[in-house]
Amino acid sequence: MEIHESGEDYLETILMLENRMGYVRAIDIATEMGYSKPTISIAMRRLRESGYIDVDQRRDIHLTPTGREVAERIYERHILLTDMLMSIGVDRETATHEACKIEHDISADTFSKIRDLYEKYKKPDKSEESKA
């Protein structure tokens, strides 16, 4: 099941709202993303039909296991790339905006290598610290 960048953004937003508020409704997504309620309704229908979300009787939106997997992957990329860009001096707003662009286009292999390198940079080897 292929998902496009906009779908990834919706899933990531659902995950962030769920983490922050404990529940998610279409109006919450519209408010968070700055889109109209009809635009969100169309997108949620597509995500539901593709198996990424479920909507319960109260109209709360829930990520399916597949949707959660995509959302968590994108969110992890967003957080790490934003932090990495800020660590090299990019201001928060620019880093957040540019991380959002990068997170959708980078391959899993490349992201894994960036994450490994960044974690090595952020967490110096204990033996190196004891030599100082």
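A short reminder: the numbers here are calculations on the coordinates, not readings from a lab. Note that the coordinates shown come from a computational prediction; the quantities given were computed from them, not determined experimentally. Heads up, the Cβs are rebuilt from the backbone with ideal geometry, glycines too, and the neighbour counts pull from every protein chain shown.
For segment 70-82, check the following and say yes or no: at least one residue is of a type outside the set (Asp, Glu), in a loop (DSSP other than H, G, I, E, B) and either surrounded by 13 or more Cβ atoms within 10 Å (Cβ to Cβ) or more than 18 Å from the chain's Cα centre (by Cα) (or both).
Our first condition is that a residue be of a type outside the set (Asp, Glu); within segment 70-82, this holds for 70-71, 73-75, 77-82.
If we keep only those that are in a loop (DSSP other than H, G, I, E, B) too, we end up with none.
Within segment 70-82, not a single residue is of a type outside the set (Asp, Glu), in a loop (DSSP other than H, G, I, E, B) and either surrounded by 13 or more Cβ atoms within 10 Å (Cβ to Cβ) or more than 18 Å from the chain's Cα centre (by Cα) (or both).
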Task: Residues satisfying the stated conditions in segment 1-22, i.e. closer than 13 Å to Ile53 by Cα and in contact with an Asp or Glu (Cβ under 6 Å, 6 or more places away or on another chain) - done: Thr13
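For segment 83-96, name all the residues that are within 17 Å of Glu119 (Cβ to Cβ) and outside any helix (DSSP H, G or I). Break it down into steps so the answer makes sense when it comes.
Start the filter on segment 83-96 by keeping residues that are within 17 Å of Glu119 (Cβ to Cβ), which leaves 83-88.
Result: Ile88, single match.
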Open item on the list: Considering only residues that are hydroxyl-bearing (Ser, Thr, Tyr) and within 22 Å of Asp105 (Cα to Cα), which ones fall in segment 1-59?
Closed with: Ser6, Tyr10, Thr13, Ser50, Tyr52
Task: Count of segment 83-92 residues which are more than 18 Å from Lys120 (Cβ to Cβ) and exposed (fewer than 13 other Cβ atoms within 10 Å of the Cβ) - done: 3
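Having 3 or more residues that are loosely packed, with under 14 Cβ neighbours inside 10 Å and in contact with a Phe, Trp or Tyr (Cβ under 7 Å, 6 or more places away or on another chain) is the bar; report the helices (runs of 4 or more DSSP H) wholly within segment 1-68 that clear it. Even if it seems obvious, please write down each step before you answer.
Working: elements: 5-21, 26-33, 37-49.
Result: empty, no element qualifies.
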